[in-house]
């Protein structure tokens, strides 16, 4: 089987508050080198846990220093008007991808700022990845995205809410799915069968998760070569790099 150009839609670097694990930029870069990852969407976890402005500055500087990285901005809706100002400024600066962490940060998907974030991102033609590990999440995210004409990626969907995600994705064409939790025996194949391969983006959640856990599931999935190539790289180019 020929090697494929791999692009990873879900990485970060810095630290993780609930895990004593090395998730530094050096560690992330080593993982990408080891697996010959051509491009990776990434963000500094300072933006998740400490301050979005500081984190976004670090992310932008990191991507400027290493063109392998696609910078991903983040904001925390609990900051209210400051959050709205931040995402507007970052969209103007040139960020074309954002990530939101309702489950990690502890805010609700019916938060007024969430809808405003999606509206601003939609106007900027940016893509927003949103944590969606719990049942009900895909539905609420898709409804908000449709109202705001925004393109979103569901992150962290697993076997427990995949059925829900498939239903909302069929009804909402601009909703995509990231793969790091799709580790069941036929999860990848089921999505391709129901929706085609163009709505799936490979994501590893490295360095917090093992890169190979997500990668090998796709690498050896029972899929045509074209579908595998789209998931591992082509869709990233279309949805994130050309956003």
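Annotations for the structure displayed:
- Tabulated pairs, the stretch 7-24, first on the phi > 0 side of the Ramachandran plot, second at pLDDT 95 or above and in a strand (DSSP E or B), C-beta under 7 angstrom, 6+ apart or interchain: 14/44
- Looking only at the stretch 194-243, and only at residues there that are farther than 20 Å from residue 158 by Cα and in a loop (DSSP other than H, G, I, E, B), the one that is nearest to the chain's Cα centre (by Cα): 243
- For the stretch 49-83, the set of residues classified as in contact with a helix residue (DSSP H, G or I) (Cβ under 7 Å, 6 or more places away or on another chain), closer than 30 Å to residue 110 by Cβ and not in a helix (DSSP H, G or I) consists of 70, 71, 72, 73, 74, 75, 76, 80, listed by residue number.
- Total residues in the stretch 29-48, condition closer than 13 Å to residue 98 by Cα and either crowded, with 24+ Cβ neighbours inside 10 Å or in contact with a helix residue (DSSP H, G or I) (Cβ under 6 Å, 6 or more places away or on another chain) (or both): 5
- Hey, residue 29 farther than 25 Å from residue 115 by Cβ, free of Cβ contacts under 8 Å to residues at least 40 places away in the same chain, over 17 Å from the mean Cα position of the chain (by Cα) and in a helix (DSSP H, G or I) or not: yes
- Flag for residue 236 being closer than 18 Å to residue 10 by Cβ and in contact with a helix residue (DSSP H, G or I) (Cβ under 8 Å, 6 or more places away or on another chain): no
- Summed over the stretch 127-184, residues that are part of a loop (DSSP other than H, G, I, E, B) and either in contact with a strand residue (DSSP E or B) (Cβ under 7 Å, 6 or more places away or on another chain) or in contact (Cβ under 8 Å) with a residue 40 or more places away in the chain (or both) total 9.
The values are calculated or read from the model by the stated rules, or taken from the named source; none is laboratory data. Treat the numbers as computed from the prediction; the structure is a model and nothing was measured. Backbone-built Cβ (ideal geometry, glycine too); neighbour counts: all protein chains shown.
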